[in-house]
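The values are calculated or read from the model by the stated rules, or taken from the named source; none is laboratory data. Small disclaimer: the values here were computed from a predicted structure and weren't measured. Cβ placement follows ideal geometry from the backbone for every residue including glycine, while neighbour counts extend to all protein chains displayed. For the accessible areas, the whole protein counts, side chains as well, though only heavy atoms, and no ligand, DNA or RNA atoms are used. Shrake-Rupley method; radii C 1.70, N 1.55, O 1.52, S 1.80 Å.
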Amino acid sequence: MENTENKIKITLDGKTIYARKGSTIVEAARENGIYIPTLCHFEGADPKACCRICTVKINNRFMTSCTTPVSEGMEIENNTEEINDLRKSIVELLFVSGNHFCPTCEKSGNCELQALAYRFKMLVPRFPFSFPRKEVDASNPKIVKEQNRCILCKRCIKTIRDEEGRHYFAYKNRGQHLEVVLDPVLGADMPDELAKKAMENCPTGSILYKGKGFEQPIGTRKYDNQPIGSEIENQS
Ligand code: SF4
Ligand code: FES
């Protein structure tokens, strides 16, 4: 029987669950085998609510579940038609505001954005494509930074740092010219493992590790045979 001591009782889509005090809704859901999609939220980095894909409804208000802590008696709507359509529209907006040609991308099958598009059954986005022409920066010896696929989630900025805590990636410019770039000086000596981690932590194909391609064949990649979120939903 579940030990509910020191836990908070909440309701998620009508189901009563028990959550750790101090946990966010996303964490509480995941610890109870319920998937709430996330993109900018990443383990080991403070949530900043950039993407809003984790939106849920509480007391008729839309809230980001990666930044909202649980509280006693909270009633949360998560897996509803309205919320899933909102999440689908966010995925569509991310697709039309960049250039995502999945069949040619090394991250295909390991890409969270692509996997979310499948999960929400995106076919043709309801918004017009903006066809931006952004830079592909291949000047770094280890990494290709493909700006057309960057969704500005900040995961690379927050998680890729050297031993002294210096950030390899940073924001550059503002407004519609905002982009995430690799520091050319620090990046010049980027250790191999960190370059691979940067590619892994990026939810799209915006950061690619140079020199190796298609080591893991298409068809055997993370989301090729199981939808994103099923690893949480299928845990016993
Ligand atoms: S490069 Fe990847 S991890 Fe970094 S902000 Fe862009 S999409 Fe996010
Ligand atoms: S995952 Fe919560 S706002 Fe991006």
Gap separating the Cα centres of segment 122-183 and segment 59-74, nearest whole Å: 30
Over segment 87-173, equivalent-ellipsoid semi-axes from the Cα gyration tensor in Å: 26, 15, 13
For the chain: relative contact order, % (alpha-carbon pairs under 8 angstrom, 6 or more apart): 20
Formal net charge of residues neighbouring Ile58 (Cβ-Cβ distance under 11 Å; K, R +1; D, E -1): 0
Value of D in µm² per second that Stokes-Einstein yields for the chain, Kirkwood Rh from Cα pairs, at 10 °C (1.306 mPa s): 83
Charge-dipole axis of segment 1-153 as Lys and Arg at +1 and Asp and Glu at -1 on Cβ define it, positive-most pick from Thr24, Gly73, Ala117: Ala117
Order of exposure, largest accessible area first, which applies to Thr24, Thr204 with probe 1.4 Å: Thr24, Thr204
Charge-dipole axis of segment 2-51 as Lys and Arg at +1 and Asp and Glu at -1 on Cβ define it, positive-most pick from Gly14, Cys50, Leu39: Gly14
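Give me the Å³ per residue figure for the convex hull around the C-alpha atoms of segment 107-236. Each step should come with its number before you reach the end.
Working: hull volume 19.3 nm³, N = 130.
Dividing the Cα hull volume of segment 107-236 by its residues yields 148 Å³.
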Inter-site label distance for Val185 and Glu163 at 7 Å from Cα along Cβ, in nm: 2.0
Evaluated over segment 176-236, the Cα radius of gyration and Dmax, each in Å: 15.4, 47
Candidates per chymotrypsin sites (Phe, Trp or Tyr not before Pro) in segment 27-121, loop by DSSP, up to 11 other Cβ within 10 Å: Phe101
Largest-first principal axis extents, alpha carbons of segment 22-130, Å: 47, 29, 23
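Using the heavy atoms of the protein chains and a 1.4 angstrom probe, tell me the accessible area per residue for segment 151-223 in square angstrom.
58
Taking only the C-alpha atoms, wrap a convex hull around segment 1-59 and report its volume per residue in Å³ as a whole number. Write out the running numbers ahead of the final one.
Values: hull volume 6.3 nm³, N = 59.
So the per-residue hull volume is 107 Å³.
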Volume of the Cα convex hull of segment 116-165, divided per residue and given in Å³: 133
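Assign unit charges at the C-beta atoms only (+1 for Lys and Arg, -1 for Asp and Glu), then state the dipole size of segment 95-236 relative to its Cα centre in Debye, rounded to the nearest 20. Show your work: numbers first, answer last.
Values: 22 positive and 18 negative charges, 112 e Å.
My answer is approximately 540 debye.
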Tensor-based shape of segment 54-118 (alpha-carbon gyration tensor, a/c under 1.5 rounded, otherwise prolate or oblate): prolate
